[in-house]
Number of protein chains: 2
Amino acid sequence: MKIEDKIKAYGEKIDTLLRETIPSNKDDYLSEPIWHHLSTGGKRIRPAICLLTCEALGGNTENAIPFALAVEILHNMLLMHDDIEDGDTVRRDKPTVWVKYGLANAVNAGDYMLAIAYRSIISSVMDIERKMKLLDIFTLTYTKTVEGQALDINARAAKDFNVEKYMKIVELKTGYYLAFGLVGGVVLSINDDRCLETIWKLGKNMGPAFQIKDDLIDLTAGKGRGGVIGSDICEGKASFPYAYTLEVASEKEKGDLREIMLKERRVTTDSDIKWVLDLYKKYESLTYSQNYAEKLIEDAYKTIDSLNINDNAVFKEIADFMVQRST
Amino acid sequence: MKIEDKIKAYGEKIDTLLRETIPSNKDDYLSEPIWHHLSTGGKRIRPAICLLTCEALGGNTENAIPFALAVEILHNMLLMHDDIEDGDTVRRDKPTVWVKYGLANAVNAGDYMLAIAYRSIISSVMDIERKMKLLDIFTLTYTKTVEGQALDINARAAKDFNVEKYMKIVELKTGYYLAFGLVGGVVLSINDDRCLETIWKLGKNMGPAFQIKDDLIDLTAGKGRGGVIGSDICEGKASFPYAYTLEVASEKEKGDLREIMLKERRVTTDSDIKWVLDLYKKYESLTYSQNYAEKLIEDAYKTIDSLNINDNAVFKEIADFMVQRST
C-alpha cells in the first residue's frame with residue numbers, strides 16, 4: 001500500500017474513533033462547538049503518522065490509538081484558541097467557533113478538548129512507565145507550542161524582529177508539534193531514547209521549513225481564501241520574508257514596512273501590499289526564504305540518515321509525503 | 001497551632017514556591033500576565049488545605065508540594081479564562097489579564113498555566129502509581145469544572161432553568177474543585193480509596209453550599225465592589241434564588257424576571273434590580289436559599305462523620321474553617 005493510502009486509512013479510523021471519544025450531546029454545550037470545529041475538515045494526518053510510525057517499527061497500533069487521538073485533539077484545541085487569538089472569523093469556509101458560539105463557549109470548549117486529550121492517554125491500557133513517558137511528551141509539546149504562540153502573538157510589535165527570532169518562534173510553535181506524532185510512534189514501538197532525541201531534532205528542521213513554505217505560498221499563490229495574495233501582510237503576521245527583509249532593508253524602509261504590518265487588518269490597502277511585495281522583490285527576500293527552507297529540508301534528510309535504528313525507511317517515506325504536501 | 005495559622009503558613013510557603021515554578025521573564029510574554037494575575041492576591045488556601053490534610057493523615061508534605069502547586073495554578077488558570085468568558089474587567093481592584101494584556105495573551109497565558117500545572121505533577125518525585133493517580137484526579141477535576149462552566153455560560157438563556165439544573169452546574173463547577181485539594185492530601189498520605197469516594201461526596205455537599213451563600217451575599221451585602229447589591233442580577237448570573245424563584249413564580253413573573261436577567265449588564269436599571277429583589281422577597285426565596293445551604297452543610301458534616309478512617313478531626317477543622325469564611 002502506498003503511504004498516501006495508509007495515511008488515508010488511518011485517518012479515517014481516527015475520524016471514527018473521535019466520534020466515540022467526543023460523543024454528540026447538544027445539552028452539554030461542549031460537543032456541539034467541538035464538532036463544529038472538527039467537521040471543518042482536516043485529514044487527521046498527525047495521528048495517522050503516529051500510527052504509521054508505530055506500525056513500521058513493529059509496535060502494536062491498537063495500543064497507540066489513545067495517544068494518536070490525543071495528538072489530533074490537542075492539534076484542534078490549539079487551532080480553536082488560535083482562531084480567537086488571531087481574530088480569524090472563517091476556517092475552511094465556515095465561521096470559526098468563537099464567531100458561531102461566542103467567545104465564552106470557544107475558550108471553554110478549547111479547554112475541554114485539552115482535558116479530553118489528557119484523559120485519552122491517562123485512561124489507556126499500557127504499562128505505566130510508557131504511559132507516563134507519553135504524558136511527559138504530550139505536556140512538553142503543549143508547553144513549547146504555547147511558548148511559541150506567546151512570542152508569535154507579540155512578534156509583529158517587536159522592533160528588533162529578525163530571522164533568529166523567527167526561527168525561535170517556529171521551532172517552538174511548529175517544531176515540537178511536527179515531531180510529536182512520530183515521537184509517540186517511537187515510544188509505542190522501539191522506545192529508544194537516542195532515536196527520540198533525533199526525531200525531536202527532525203521536527204526543528206522540518207517544522208520551520210514547512211512554515212517558511214507556507215509563508216511563501218501566501219505571497220505567491222494565496223492561501224486558498226479565493227487566492228488573495230498577501231493576507232499575512234494584512235494580518236501583520238511576522239513571516240520569514242518579513243524577518244529577513246528587516247535585516248537587509250534601509251532604516252527608512254524598515255520603518256515603513258513595520259508601519260504597514262502594525263496597521264489594523266481593515267486599514268491595510270492594496271497599494272500597501274504591493275509596496276511590501278516590491279520591497280521583498282528588491283531584496284530578493286522570497287528567493288532567500290525559499291533557499292533557506294530547502295536547506296532545512298536537506299538538514300532534515302541528514303537527520304533521518306543519522307538515526308541509529310535498523311530501518312529508517314518509514315521516516316524517509318513520511319518526510320517525502322510531507323515535503324510533497326508542502327509544495 | 002490554630003488551623004488559621006497553619007493555613008497561613010502553608011499558603012506563604014506555596015507563594016514562595018510559585019515564584020520558582022513560574023520564574024519572571026518579561027521576554028516570554030507569559031510570566032508577566034501570569035504574575036499580574038497571581039499578584040491580585042488570593043491566600044493560596046486550596047493548596048494549603050491539601051498540605052494540611054496530607055500532614056494530618058501522616059503523609060510527607062514535601063512530596064505533596066508539586067501537587068499542591070498544581071492545585072493553585074489550575075485554580076488561577078480557570079479564573080483567568082473565566083474573566084474572559086464572563087467579560088469581567090476588574091479583579092480585586094486591578095484590571096483583569098485580558099483587559100491589560102489583550103485577549104490573545106490572556107487565552108494563551110491561561111493555556112500555559114495548565115501546562116505548568118501538569119508539568120509540576122509529572123516531574124515530581126514519587127512512586128509512579130501514585131503520580132498517575134494524581135494526574136487522573138487532576139484531569140477529572142479539570143474536566144468536571146469545565147463541564148460545569150459550559151452549563152453556567154449558557155444557563156441564563158435557558159428557558160427551563162430550575163434548582164435541579166442549578167445544583168448540577170455547581171456540583172460540577174465547584175464541587176469537584178472543593179474536594180480536589182483534600183483528595184490529593186489523602187492520596188499523598190493514607191491513599192484509601194473508600195475515603196477518597198467520601199471526600200468527593202463532601203465536595204458535592206460543600207461546594208454548592210458555599211456557592212449558594214455567595215449568591216446570597218450578592219443580594220444582601222454586596223460582593224465587596226463598593227457594597228453594590230445585585231451585581232449578579234446585572235450580569236445575568238443564574239443564582240440559586242433565581243433558580244428557585246423560576247419554580248414558584250407565576251408565568252408572567254417568570255417572563256419578566258428572565259427578561260431582566262437577559263438584559264446586557266449596562267442596560268439593567270436600579271428599578272430592575274429592585275423589582276427582582278421584591279419578587280425574591282414575595283416568594284421568600286432568600287430564606288429558602290439560606291435553609292437549603294444550611295441543609296447541605298449539615299449533610300457535609302454527616303459525610304465527614306461517615307469517613308471510615310481512624311481520625312477525621314482534620315476534615316472537621318477544615319470544614320469549620322471554610323464555613324466560617326463563607327459567612
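The values are calculated or read from the model by the stated rules, or taken from the named source; none is laboratory data. In this text the structure is predicted, and so the values were computed from the model without any measurement. Cβ atoms come from the backbone with ideal geometry, glycine included; neighbour counts cover every protein chain shown.
Brief remarks on what is shown
- Within the stretch A:99-109, tally of residues that are more than 8 Å from chain B (Cβ to nearest Cβ) and touching a His at 6+ places or on another chain (Cβ under 9 Å): 3
- Every residue from the stretch B:97-109 that is free of Cβ contacts under 8 Å to residues at least 24 places away in the same chain and buried (at least 20 other Cβ atoms within 10 Å of the Cβ): B:98, B:104
- Of all residues assigned to the stretch A:80-89, none qualifies as being at pLDDT 95 or above and away from chain B (no Cβ under 11 Å).
- For the stretch B:56-69, the criterion of being touching a Ser or Thr at 6+ places or on another chain (Cβ under 7 Å), assigned by TED's automatic domain parsing to the domain that holds residue B:24 and farther than 17 Å from residue B:121 by Cβ is met by at least one residue.
- Number of the condition not met by residue B:264 [criteria: (1) touching an Asp or Glu at 6+ places or on another chain (Cβ under 9 Å); (2) modelled with pLDDT under 95]: (1)
- Count of the stretch B:254-266 residues which are surrounded by fewer than 17 Cβ atoms within 10 Å (Cβ to Cβ) and either in a helix (DSSP H, G or I) or hydrophobic (A, V, I, L, M, F, W, C) (or both): 6
- If you go through the stretch B:110-119 and keep only what is more than 7 Å from chain A (Cβ to nearest Cβ), touching a residue at least 60 places away in the same chain (Cβ under 8 Å) and either buried (at least 24 other Cβ atoms within 10 Å of the Cβ) or of a type in the set (Phe, Trp, Tyr) (or both), you end up with just B:113.
- Subset of the stretch B:58-83 (residues that are closer than 19 Å to residue A:108 by Cβ and without any contact (Cβ under 8 Å) to a residue 24 or more places away in the chain): B:83
- Residues in the stretch A:235-250 that are modelled with pLDDT under 95 and surrounded by fewer than 21 Cβ atoms within 10 Å (Cβ to Cβ): A:235, A:236, A:237.
- Restricting attention to the stretch B:49-76, the residues being farther than 18 Å from residue B:140 by Cβ and of a type in the set (D, E, K, R) number 2.
- Pick from the stretch B:267-294, criterion polar (S, T, N, Q) and touching a Pro at 6+ places or on another chain (Cβ under 8 Å), ranking: surrounded by the fewest Cβ atoms within 10 Å (Cβ to Cβ): B:289
Residue-by-condition table, conditions (1) at pLDDT 95 or above; (2) more than 10 Å from every other protein chain (Cβ to nearest Cβ); (3) under 22 Å from residue B:323 (Cβ atoms):
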| residue | (1), (2), (3) |
| --- | --- |
| B:124 | yes, yes, no |
| B:132 | yes, no, no |
| B:139 | yes, no, no |
| B:144 | yes, no, no |
| B:168 | yes, yes, no |
| B:173 | yes, yes, yes |
| B:184 | yes, yes, yes |
| B:204 | yes, yes, yes |
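- Hey, residue A:248 without any contact (Cβ under 8 Å) to a residue 40 or more places away in the chain, assigned by TED's automatic domain parsing to the domain that holds residue A:325 and of a type in the set (Val, Ile, Thr) or not: yes
- For the stretch A:21-62, the set of residues classified as among the charged types (D, E, K, R) and surrounded by fewer than 21 Cβ atoms within 10 Å (Cβ to Cβ) consists of A:26, A:27, A:28, A:32, A:43, A:55, A:62, listed by residue number.
- Filter result (closer than 22 Å to residue B:217 by Cα and outside any helix (DSSP H, G or I)) within the stretch B:307-327: B:327
- Residue A:76 fulfils the conditions (1) at the interface with chain B (Cβ under 8 Å from one of its Cβ atoms); (2) touching a Leu at 6+ places or on another chain (Cβ under 7 Å) except for a single criterion, (1).
- Residue B:22 falls short on exactly one of the conditions (1) within 14 Å of chain A (Cβ to nearest Cβ); (2) closer than 26 Å to residue B:188 by Cβ; (3) out of contact with any Ser or Thr (no Cβ under 6 Å at 6 or more places or on another chain), and that condition is (3).
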